[in-house]
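Take a look at the structure below.
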Amino acid sequence: MERGLAAGRQHAHGDDLTRTLLQGQIYFTGLSHLAAIAAAGLAAAACLPVVSRSLLLKRFFPEYFQANGVRNPRHELVFDVLVAGTLAVSASVIGVMAAFALVFLPPWVVFPFANGWRRTVFWTAILGVVAHVAAFALAIALDQPYGPMLVAVLVVLSVTRLASR
């Protein structure tokens, strides 16, 4: 009987975890989420200015590092770890679908309108903030989970890309 009770508790905990990952939450659940997001933000702010130059060099000049005698630059590994950590924290707070929609849809919408790399990044961030605020307001007003509402807002905003054709 003891084993059955433990299995039931694990199932209920798994169910809660699955619901959290798919639907997300409408607010921080505690200081641990806030600390994780602050750490991810500080890591991104510290690493991206250094790593982005190397990533762009590797993309546009593939033989640059080999020609200069750099055997194994770690910039790709640092960037991959930064992205994976940020997505993991985001998925636990706003949900998996919302995290990936926030990563892919705003840049896709902004790219045809922005002139240049920096403007694309700037307008992507602006569109992401607008989507967050609109989704939060709609989630409160309609009493819906925040994660799916964010996905819905981003999909509606994606129509602007299709309308631009």
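The values are calculated or read from the model by the stated rules, or taken from the named source; none is laboratory data. None of the values given here were measured: they were computed from a predicted structure. Here the Cβ positions follow ideal geometry from the backbone for every residue, glycine too, while neighbour counts run over all protein chains shown.
The C-beta contact set for the range 60-77 (first residue outside any helix (DSSP H, G or I), second residue of a type in the set (A, V, I, L, M, F, W, C), distance under 7 angstrom, 6+ apart or interchain) comprises Pro73/Phe65. Checking Val159, Val130 one by one, the residue that is modelled with pLDDT of 90 or more and of a type outside the set (Lys, Arg) is Val130 and no other.
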